[in-house]
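All remarks here apply to the structure that follows.
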Amino acid sequence: MPSPTTSTPRIAVVGAGPGGLTCARVLQRHGIAVTVYDHEAGPDARDQGGTLDLHEDNGQIALREAGLLDDFLRLSRPEGQEMRQMDAKTGAIGFHHVPGDGERFKPEIDRGLLRGLLLDSLAPGTVRWGHALRSVEGPAKGPRLLRFADGTAVEADLVVGADGAWSRVRRAVSPATPRYTGVAFLEAWFHDVDERHPEVAALVGPGSAAAADGERGLFAQRNGGDHIRVYVVQRVPADWIAAAGLTVRDTDALRVLLLDRFRDWSPRLRRLLSDNDGPYVDRPLHALPVPHAWEHDPSVTLLGDAAHLMPPLGVGVNLAMLDACELALALAHHDTVGDAVRAYEKTMLPRSADMQRLLDGAAEGLLSDEQHEPHEPDGL
């Protein structure tokens, strides 16, 4: 595939999350060289987050193109598709979806397990760890210069921003920055749940359980390895913890505050606030302006949250992986990088704009007390 500057285009993907790694995997399957740069020190530098449901109509399509669908289905948890919507005051189950035998529309997989599957599929040395991007420089028609925090720099004919909500690649094509949605998650963890927290394990079941009263909510997800993650959902200022005179490390004081705020809730559900293991994680929800687009640049493009950050309601990683797959296929099937990027964005931008509009303000839906199939947050 020739490019305007070289016969073998230098493709740099920034971000070794599911989107960036999917892009690299599909490119390599088509014989196209690619390098992925990530700011973390290595693949095990931090906990990779909770569980993800990969849908048949987007995330699984990407895995099929990556040649990894069968491996995913072997590793995934189809039973994780079970969902319970509960009454906040009584704890009674209202809506209850139990997946049928062979149902595979959106089986669950831990984010770390998915990342490992993708990493193991790449050629050795594809990912360059410890490369925190500082800037993307150079003319729109390339080549572009990527400068990293350690003082090194590399040239690329195409820079793919797969670097998430606070993308530095995005700055090369768009001035947009994420805005706080007015809704925040506080994440809590439960470990060895079947032995140490049997009541919580029974409450949540093999999938997820949610409850809300119109002002606040709880969403619990079964993860692999006998873990459960709970997201405490509140409509609060972004600095609500500091405003209470606390920090996120003040676990006991935060627990007292939460138990007071949820004092009218069912005692069964309040266990999700009183029995958690270890500290909380503060996760205010942000989103990009709706719609988010930019002028075509043949040497820089974006995918996933870098392109269309939305509330984490079960579509983020799926869209990121579909974006990645389509971009890689466009690069494989067009004569120039610029033509490939234009073709990719022609499909991706309208699709993401439609989804942004659909989910604009939808974080509020996590607080709804109506008994229906609950929104399912991505495993953050």
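The values are calculated or read from the model by the stated rules, or taken from the named source; none is laboratory data. Remember, it's a predicted structure, so these values are computed and weren't measured experimentally. Cβ placement follows ideal geometry from the backbone for every residue including glycine, while neighbour counts extend to all protein chains displayed. Surface accessibility is based on the protein's heavy atoms, side chains included, excluding ligands, DNA and RNA. Shrake-Rupley method; radii C 1.70, N 1.55, O 1.52, S 1.80 Å.
Miscellaneous remarks
- Of all residues assigned to region 40-51, at least one qualifies as being modelled with pLDDT under 95, among the hydrophobic types (A, V, I, L, M, F, W, C), more than 17 Å from the chain's Cα centre (by Cα) and surrounded by fewer than 18 Cβ atoms within 10 Å (Cβ to Cβ).
- Residues that are small (Gly, Ala, Ser) and loosely packed, with under 14 Cβ neighbours inside 10 Å within region 141-159 comprise Ala149, Gly151, Ala153, listed in sequence order.
- Cross-chain or 6+ apart pairs with Cβ under 7 Å, region 328-354 first and under 10 Å from Thr301 (Cβ atoms), then charged (D, E, K, R): Val337/Asp157; Tyr344/Glu326; Met348/Asp323; Met348/Glu326
- Some residue of region 168-183 being more than 30 Å from Gly130 (Cα to Cα) and open to solvent by less than 30 Å² (accessible area, probe 1.4 Å): yes
- Considering each residue of region 304-313 in turn, none proves to be outside any loop (DSSP other than H, G, I, E, B) and either among the basic types (Lys, Arg) or touching a Phe, Trp or Tyr at 6+ places or on another chain (Cβ under 7 Å) (or both).
- Residue within region 189-209 that is of a type in the set (A, V, I, L, M, F, W, C) and touching a Pro at 6+ places or on another chain (Cβ under 6 Å) present: no
- Test set (1) out of contact with any strand residue (DSSP E or B) (no Cβ under 7 Å at 6 or more places or on another chain); (2) assigned to a loop (DSSP other than H, G, I, E, B); (3) of a type outside the set (Lys, Arg) - Gln60 fails condition number: (2)
- Residue tally, condition open to solvent by less than 50 Å² (accessible area, probe 1.4 Å) and not in a loop (DSSP other than H, G, I, E, B), over region 84-110: 7
- For Val317, the requirement of being of a type in the set (Val, Ile, Thr), in contact (Cβ under 8 Å) with a residue 12 or more places away in the chain and farther than 20 Å from Arg171 by Cα is met.
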